[in-house]
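J.: Structure in structure tokens, see below.
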Amino acid sequence: MMLVRAGFRAGRPWITAAVLVLLVGIFIAVLGHLNRMLYGEPPEHLEAREHPRRLLPLALNVAVLIVLGFGIPGPLMRLLGTAAEIVSP
């Protein structure tokens with residue numbers, strides 16, 4: 001996210017927007033591949049169709065990734081800091 005901010009601050013909004021579009025495309029392609037790896041190909045006797053319930057866990061994970069991409073909430077940051085203090089020598 002810092003790279004995107006730096007791109008906009010440097011006065012290159014079109015290049016930064018193109019990078020964002022390409023990153024979103026790559027992200028969607030990776031998630032589609034992951035979805036096929038997790039669920040596999042449907043058997044021959046069933047027609048291939050996506051049911052919204054099957055995509056719900058994937059959509060929830062994408063939502064969490066998007067939210068955390070913009071910033072880590074304070075309580076989660078404190079939790080991660082505490083966990084790092086516990087495991088660090």
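The values are calculated or read from the model by the stated rules, or taken from the named source; none is laboratory data. What you see is a predicted model; the values in this text were computed from it and never measured. For neighbour counting, all protein chains shown are included, and Cβ atoms are generated from backbone atoms with ideal geometry for every residue, glycine included.
J.: Based on this model, can you work out whether residue 36 counts as surrounded by 11 or more Cβ atoms within 10 Å (Cβ to Cβ) and either assigned to a helix (DSSP H, G or I) or acidic (Asp, Glu) (or both)? Write out each step before concluding.
T.: Details: surrounded by 11 or more Cβ atoms within 10 Å (Cβ to Cβ): no; either assigned to a helix (DSSP H, G or I) or acidic (Asp, Glu) (or both): yes.
The answer is no for residue 36.
J.: Considering (1) out of contact with any helix residue (DSSP H, G or I) (no Cβ under 9 Å at 6 or more places or on another chain); (2) assigned to a loop (DSSP other than H, G, I, E, B), say which one residue 86 fails and leave the rest.
T.: (2)
J.: Select, from 11, 69, the only residue that is of a type in the set (Gly, Ala, Ser) and assigned to a helix (DSSP H, G or I). Write out each step before concluding.
T.: On the way: 11 fails: assigned to a helix (DSSP H, G or I).
The unique qualifying residue is 69.
J.: Any residue in region 7-25 that is outside the structural domain of residue 62 (by TED's automatic domain parsing) sitting within a Cβ distance under 9 Å of a residue that is not in a helix (DSSP H, G or I)? List the pairs, counting only those 6 or more apart or interchain.
T.: Close Cβ pairs (under 9 Å, with a partner that is not in a helix (DSSP H, G or I)) amount to 16/10.
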